[in-house]
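Worksheet: the structure to be examined is printed underneath.
The values are calculated or read from the model by the stated rules, or taken from the named source; none is laboratory data. Remember, predicted model here, so these are calculated numbers, not experimental data. Neighbour counts run over all protein chains shown; Cβ positions are idealised from the backbone, glycine included.
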Amino acid sequence: MALSGVLLAMAASAELSGPAGLGTARVPAQLNRRVSLANGTGAGRADRIYQARRTLAASASEDLDLAGVLTDALGAGLTFVRVKGLFVAASKGNTNNVVIGGAASNAWATLLSATGTLTLRPGAMVGAMAGEADPTGYSVTASTGDILKVANSGGGSAVTYDVLIVGASA
């Protein structure tokens, strides 16, 4: 099974304007980054992808096991050894937040540390990607460092989130 046409990207742009001298000054600000990955397992390569829309009941959490439990869109089991890109988006219709990280055991710690968490308010999103020249990305260690916890921050209502993980099997 081959993975092709992988483009990971993030972009932000804005313009600051205000009175200056004899007119209006306009100062653009932007940050654009993109990473193209070929099929494979080394630097600038990926061969595994997981994408899903998931829902968590009120006050619930789940552990996404990056080494051996997830399945791809074709039904094949996934074992990530390296994550090259992680993108998570909380539904704008959520009432509660989506909290990423902080697994009780075997936490995937190469991105957020073992106890670190990220809180996504309704409609928020976050992405992380390794550079094309980076052969490691974010390492996954089966059985001891492979759990990405995702939690609903409160009671009363469910939350929905989208997740996309791109990585390599070796």
*Restricting attention to strands (runs of 3 or more DSSP E) lying wholly within the range 49-96, give those where 2 or more residues are under 27 Å from Ser36 (Cα atoms) and aliphatic (A, V, I, L, M).*
67-71, 82-90
*Selection count, the range 109-168, where residues are touching a Lys or Arg at 6+ places or on another chain (Cβ under 7 Å) and either at pLDDT below 95 or surrounded by fewer than 19 Cβ atoms within 10 Å (Cβ to Cβ) (or both)*: 6
_Go through the range 19-56 and report how many residues are surrounded by fewer than 11 Cβ atoms within 10 Å (Cβ to Cβ), of a type in the set (Gly, Ala, Ser) and closer than 21 Å to Val163 by Cα._
0
*Of the numbered conditions (1) loosely packed, with under 11 Cβ neighbours inside 10 Å; (2) of a type in the set (Gly, Ala, Ser); (3) in contact with a Pro (Cβ under 8 Å, 6 or more places away or on another chain); (4) not in a strand (DSSP E or B), Ser4 fails exactly one; give the number of that condition.*
(3)
*asked:* List pairs: first residue in the range 110-123 and free of Cβ contacts under 8 Å to residues at least 24 places away in the same chain and assigned to a loop (DSSP other than H, G, I, E, B), second residue of a type outside the set (D, E, K, R) and surrounded by 15 or more Cβ atoms within 10 Å (Cβ to Cβ) anywhere in the structure, Cβ distance under 6 angstrom, at least six positions apart or on different chains.
replied: Leu112/Gly101; Ala114/Ala107; Thr115/Gly102; Gly116/Gly101
*Quick one: in the range 125-149, which of the residues that are closer than 13 Å to Val81 by Cβ and not in a loop (DSSP other than H, G, I, E, B) is nearest to the chain's Cα centre (by Cα)?*
Tyr138
